[in-house]
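We did not get these values from a lab; they are worked out from the coordinates using the rules stated. Only a predicted model underlies this, so the values are computations on that prediction, with no experimental measurement involved. In this analysis, Cβ positions are derived from the backbone assuming ideal geometry, glycine residues included, and neighbour counts consider all displayed protein chains.
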Amino acid sequence: MWGSYFLLAVLTGSVDLVLGFSNGKVSIACGDMVPQHGHQPRPEPPPYSITVDTPTFSPHDNITVTLQVASSKHSFFKGFLIEARDAGNMQQHSAAVGVFILTDPQESQLLQCSHTQGSGVSHRRSTKKTHIQVLWQSPENPPQKVQFLVTVVHEYKVYWVRIAGPVVSLRGATAVPSTVPVKTTESSALSTPFSSVGCGLSKSCLRDPVGCDPESDPHCFFLSFSTDEEGQSVVFEHSGPADGYLSFALSLDKWMGNDDVYLCVNDGGRVTISPASVSGRTQPELTTEEDLWGLAWRLADGVIQCRFHRNIVLPEAQGRFNLNQSYFLFLAHGRADQGVIYKHHRQPLISTYQKVITGHPEDLLGSRSPLLIKLHGVLMLTVWMWMVSTAIFITRFYKQSFLLGQRLWFQLHRTIMVLAVVLTGVAFSLPFIYRKGWSKCAGSHPYIGCTVMALSVIQVIMGFVRPALESPRRIVFRWMHLSTGTVCQILAVACVFLGTAQQALLIPRQRSVALLTGWLLWIVLANLLLLIHSSRLWSRDNSNSEDKEKILFAQLERNHGERSIFKRVVFVVFFVGNTGFLAAFIKAIASV
C-alpha cells in the first residue's frame, strides 16, 4: 500500500495532488508540495510552527530551521517537507533556494528539488515526531528575501499543505518596510470549502445563520479573519451562496456609505477579488488590487469562496481603513452580470458591535434587521394583531357582559384604543428616524402606513367629540366611527403583510404569510362562533309563547347563564390564541 507521511511548506497558492511515500522520498512533490492521499488538506490553521534562529543572513550563512508541534490537539506529526523559496517569486512551482544540512539523519533526509540536490528536506520514516531541526545554507547569489515553506502530515488523512514560515532578509539589501511584506496578486484555486473550526479560538468569524459551518452547510454566509504569524497582514476568508457576488465592508457606523469594501465577483466561471470604496449610498468604486495578495477562490454548487491577505496598514491607500482599529462588519450579496454588480436584494448582515480586526479572536453575532426597524415591527404587530382586535372583539360581543361586577366594555375599549394610537405613533416615527427621511425603496408600505396613522388619529378625535346618547347626530357618529375603524383595520392588515416583506425586516416569506393567514382565520372563526351562538340563543328566546310568561322568564335566566359562561370561555380562548400568534411573530422578528 502506497502511503506518504511528510511535511510540506508553502506561502500561498493552489493545491494539486501528487504522489508521496511513507519513506519520505517525495521529490516529485517539491513543486506544489501536495501529497496524493486521496483526501483534502485541512482548512483550519495548522497546529505546527516553523521558526528560524536569525532574521537576516549573508551568502553561505547557515540558519537553523525548527519545525515543532504548537498545539496539544495534534501532539505529533509523521511526515514533512521543508523548502526555501524566493519571497519575491512565490509562484506554485518556483525554484527552491539554497540547500539544507541534516542534524538528525535518523529522522530526516535530503531531496533534490529544482535540479539542486539538498534543496528540500523530508522525513526518513513515518514515526511520530514532535519536532525536527535542520540547517539551511544560503547560496552564493541569494535573493533579497527568502521564505520557508512546509507541509505537515499528522496522519494519512490529516495534513496541512504549504504552511507559510518566516521570512529572512539578506544583509545589506535594500530594506522593505516591515508593514509591506512581499506579496503576489496572482490568484489560484481553492481545493476545499472553508471551515468554522477555530472560530473564536484562532480566528474571528461572522456567520449567518448563527453557528453555521460553511464546510457542511451550503446556505451558510461566512466571514473569518486572523492575523498572520508575522503580525503584518490579515487573512480574510469569505463564502456564501450567491450566483453573482459576495461582499463585505468595514464601516465606522451601521449605515452603508463611506466604507472599505471587498468584493468576490463571479465573472464567467472565475472569481475576481477586488477592493472597493463607497461614498454615500452609491455604487462601489473599484480600487487597485495591489492592496491584496495571496488571492484564492472557488466556485462549487452555487457557493462563492474567496481568500486573500491584506496588510494591516496601508498609509498611501485612499479609502482603505487600517485594520488595527474597530469597525462594524457588513456582509452582502447580490446579482452580477459579466462582472458588473447590482444592488444587493437583501438587507446586509451587520455585526452587533464594532470589532478590532487585529484583536483577539471572537465568534461574532450580527443581524440583517436594524434594531429600530425590529421595534417598529414589534410595536405595530402588538397594536394591530393584539390590542385593536381585542378591543373590537370586546365592543362587538361583550357590551352586555359583566366583568368584575361592572360594565367595563367602554372603559376597556377606550383605554386600549387610545394606547393603541399612541404606540402606533411611536412605531410610525421609528422608520423615519432610521432612514433620516422618506424611504423610496419600500413600495406602497409607507403610503398605506401614513393612511393608517391618519385614520387612527381621526378615530380618537371622533371618540372625544362624539354626541350624547340622546342626540339625533349619534347615529351619524356611529356609522362614521364604524366605517373609519373598519377601513383603518383593513389597511393595517394589508400594511402588516407588506411590512414583513420589507428588505429591512425580511422575515421568511412562507413563515410570515402562514402566521398572518392563521391569525386572520383565528379572528374570523372567533367572531363567527359568537355570532352563531348569539343567533341560536335569540331564536330560542323568541320561540317561547306569550301565554307562558313563567316559562319564558325561566328560559331567559337559563339562556343568560349559558351565554355568560360560553362567552367568557370564548374570550379566554380568543385572547390566548391572539397572544400566541403575536409571540410567534415577535420570535420571527427577533431571529432576523
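Couple of notes before you dig in:
- When each of the peptides 369-375, 142-148 is scored by the mean number of other C-beta atoms lying within 10 Å of its residues, the order from highest to lowest reads 142-148, 369-375.
- What the Cβ-Cβ distance of ILE28 and ASP228 gives, at R0 = 35 Å and to the nearest 0.05, is a FRET efficiency of 0.75.
- Oblate is the label for the stretch 226-307, because the ratio a/c of its alpha-carbon gyration tensor axes (a ≥ b ≥ c) is 1.5 or higher and a/b is not greater than b/c.
- Here the extension length gained between ARG396 and ARG335 equals 16.9 nm, from 0.36 nm per residue of separation less the Cα-Cα distance.
- Those trypsin sites (Lys or Arg not before Pro) in the stretch 418-450 that DSSP places in a loop and that have at most 10 other beta carbons within 10 Å: LYS436, LYS440
- 25 Å Cα-Cα threshold exceeded, pairs from LYS355/LYS440; LYS436/LYS587; LYS128/LYS203; LYS374/LYS567; LYS254/LYS587: LYS355/LYS440; LYS436/LYS587; LYS128/LYS203; LYS374/LYS567
- Span from the the stretch 80-131 Cα centroid across to the the stretch 185-219 one, whole angstrom: 30 Å
- Stretchable slack from ALA501 to VAL573, in nm (0.36 nm times residue separation minus alpha-carbon distance): 23.0 nm
- The gain in end-to-end length when the VAL513 to ASP363 segment is fully stretched comes to 50.7 nm, 0.36 nm per residue minus the alpha carbon separation.
- For the peptides 321-327, 155-161, residues were scored by their other Cβ atoms within 10 Å and the scores averaged per peptide; the highest-first order is 155-161, 321-327.
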